[in-house]
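Each remark here refers to the structure printed beneath this line.
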Amino acid sequence: MPSALSLSPGALFANLLFSLIGTAAFIYGRKSENIRAVVIGIALGVYPWFVTNTWLLYVIGLALVAALFFWRD
C-alpha cells in the first residue's frame, strides 16, 4: 500500500510552488501552441501526487523547471 502524501511544511511548499509553475507553463504552452511547455506543465502539476520524499520533490521539480527553461525553441 503506498504511503500517504507528506504533510511537512517543506513538502507542502514544494507542492504549491511547482504546481503553480506547472499551471503557468501549461497556460503559456496552450496560448503559444508549445507542446513542450504543455507537457512539462502537466508533469509539474501531477508528479507531487506520486512522490512522498521531500528532497525528491525538490530534485524532480528543479529538473523539470530546468527542462522548461533550457528545452525551449
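Looking at the structure I just gave you, is Pro48 part of a helix (DSSP H, G or I), at pLDDT below 90 and of a type outside the set (Ser, Thr, Tyr)? Answer is yes for this residue. Every condition in (1) more than 14 Å from the chain's Cα centre (by Cα); (2) surrounded by 16 or more Cβ atoms within 10 Å (Cβ to Cβ); (3) in contact (Cβ under 8 Å) with a residue 40 or more places away in the chain is met by Asn15 except one, and the failing one is (1). Ala66 meets each of the listed conditions (1) exposed (fewer than 12 other Cβ atoms within 10 Å of the Cβ); (2) aliphatic (A, V, I, L, M); (3) touching a Leu at 6+ places or on another chain (Cβ under 7 Å) apart from (3).
The values are calculated or read from the model by the stated rules, or taken from the named source; none is laboratory data. Bear in mind that the values here come from a model prediction, so they are computed numbers and not experimental data. Virtual Cβ from ideal backbone geometry, glycine too; neighbours counted across all protein chains shown.
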